[in-house]
Amino acid sequence: FSGESAVSVFCSSVACLASGKSEAECRCDFVQELCDLDHSLKFQCYQANCCLDAEDDDEREICFTSAMTAPTFWESTTAATTATSTEEVVTTTVASDPTEAPIATTASVLSTVISTLSSDEQPSSTAAATGFKEEEPSAEVLPCSVEFCDFSLSDEFLMRYKVNSSEGSMSVELIYDGVAWLGLALSNDGGMIGSESVIGIPGGVAPQKYYLGGKDTSAVVPMEDERQTLLNSTIELMNDQTVMKFTKLMKEPGEIEIASTGDNFILWAHGFDSNLGYHQSRDQFVLSL
């Protein structure tokens with residue numbers, strides 16, 4: 001970015017906060033503006049797409065609050081706009097309602113903002129750059145092509161997976177503490193709409209592949225019969241847990257590929273019960289195989 005672009009993005013963030021919008025809304029506006037300026041900012045665009053799917057502030061916060069390992073640039077910016085120190089402060093008054101609110105920023109922080117946006121380097125950590133969870137490697141764990149690796153999606157939801165390199169497939173087990181439909185989706189850009197999911201419903205047919213064409217249940221439709229290529233797909237109730245298992249080919253014509261190298265954007269969700277409908281909980285993460 002040029003210095004002029006950096007100042008523009010910074011000022012937009014200040015104006016957003018002053019306008020009375022929530023911090024979650026301003027976060028979303030912020031990453032959208034960064035993405036619009038440079039589409040190569042992969043993870044900022046990922047967050048922006050996540051925001052487009054969000055319907056309220058709680059859902060917007062999910063796009064930013066998962067397992068951060070370092071402050072994001074947004075946090076540096078909002079810290080600057082809410083500073084109360086009188087040293088090196090430039091104060092601007094902006095009317096957001098009948099009560100005018102002073103916005104304070106420091107020249108030194110603005111300089112840091114411009115430097116950050118002007119840098120060609122991207123954060124080395126996916127979690128630091130996006131706010132999305134990524135695996136924590138352990139020297140004790142065997143490679144995930146040898147045995148199943150465990151990844152905790154939430155306190156009550158566990159994913160186990162193994163890459164079958166010789167077969168070009170990936171085996172997945174989802175274990176949920178309770179009774180509910182379960183879903184795991186691949187996305188090109190982090191957004192729900194346009195992603196492709198495997199959904200299992202207890203008491204129904206075996207887990208199937210679905211198109212996620214929208215947020216309404218009517219837009220969640222099974223793929224054509226010829227695309228139902230899952231192997232060993234099952235869903236059952238065991239000891240008050242819902243357990244779904246399946247094996248999926250990593251590369252299939254006309255479908256989102258599971259990348260054997262690089263990042264995979266994955267979404268998960270589970271319902272309130274065994275009736276397919278609005279999710280009780282959901283999130284997204286980046287998985288590098």
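The values are calculated or read from the model by the stated rules, or taken from the named source; none is laboratory data. None of the values given here were measured: they were computed from a predicted structure. Here the Cβ positions follow ideal geometry from the backbone for every residue, glycine too, while neighbour counts run over all protein chains shown. Keep in mind that these areas ignore ligands, DNA and RNA; they rest on the heavy atoms of the full protein, side chains included. Shrake-Rupley method; radii C 1.70, N 1.55, O 1.52, S 1.80 Å.
Among the residues of the range 155-171, those that are closer than 18 Å to GLN208 by Cα and open to solvent by less than 10 Å² (accessible area, probe 1.4 Å) comprise MET159, TYR161, SER169.
Across the range 172-192, what is the number of residues that are part of a loop (DSSP other than H, G, I, E, B) and modelled with pLDDT of 95 or more?
Adding up the residues that qualify gives 5.
Residue count for the range 196-228, restricted to those that are within 21 Å of PHE265 (Cα to Cα) and among the small types (Gly, Ala, Ser): 5. Picking from residues in the range 204-214 that are hydrophobic (A, V, I, L, M, F, W, C) and in contact (Cβ under 8 Å) with a residue 24 or more places away in the chain, the one that is least open to solvent (accessible area, probe 1.4 Å) is LEU212.
For the structure I just gave you, tell me whether ASP177 is loosely packed, with under 14 Cβ neighbours inside 10 Å and within 16 Å of ALA269 (Cα to Cα). Against the criterion (loosely packed, with under 14 Cβ neighbours inside 10 Å and within 16 Å of ALA269 (Cα to Cα)), ASP177 does not qualify.
Per-residue answers, yes or no, for (1) touching a residue at least 12 places away in the same chain (Cβ under 8 Å); (2) open to solvent by 30 Å² or more (accessible area, probe 1.4 Å); (3) under 20 Å from MET159 (Cβ atoms); (4) of a type in the set (Phe, Trp, Tyr):
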position	(1), (2), (3), (4)
TRP181	yes, no, yes, yes
ILE193	yes, yes, no, no
LYS248	yes, no, yes, no
PHE265	yes, no, yes, yes
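Each residue in the range 215-231 was checked for being in a strand (DSSP E or B) and either open to solvent by less than 40 Å² (accessible area, probe 1.4 Å) or in contact (Cβ under 8 Å) with a residue 24 or more places away in the chain (or both), and 2 of them qualify.
From the list CYS45, CYS50, the lone residue that is open to solvent by less than 20 Å² (accessible area, probe 1.4 Å), under 19 Å from LEU287 (Cα atoms), at pLDDT 65 or above and in contact with a His (Cβ under 9 Å, 6 or more places away or on another chain) is CYS45. Residues in the range 264-289 that are assigned to a strand (DSSP E or B), out of contact with any helix residue (DSSP H, G or I) (no Cβ under 7 Å at 6 or more places or on another chain) and under 20 Å from GLY178 (Cα atoms): 9 in all. Does ASP240 satisfy the criteria of being of a type in the set (Asp, Glu), open to solvent by 30 Å² or more (accessible area, probe 1.4 Å) and over 30 Å from CYS35 (Cβ atoms)? For ASP240, the condition - of a type in the set (Asp, Glu), open to solvent by 30 Å² or more (accessible area, probe 1.4 Å) and over 30 Å from CYS35 (Cβ atoms) - is met.
Comparison of THR247, THR234, THR242, THR261 shows that the only residue that is among the polar types (S, T, N, Q) and in a loop (DSSP other than H, G, I, E, B) is THR261. Anything in the range 140-171 that is among the β-branched types (Val, Ile, Thr) and in a strand (DSSP E or B)? List them, or say none. Hit for the range 140-171 is VAL163, nothing else. Scan the range 195-204 for residues that are within 21 Å of MET170 (Cα to Cα) and part of a loop (DSSP other than H, G, I, E, B) and the total you get is 1. Under the condition of being modelled with pLDDT under 50 and of a type outside the set (S, T, N, Q), the residues counted in the range 53-78 number 7.
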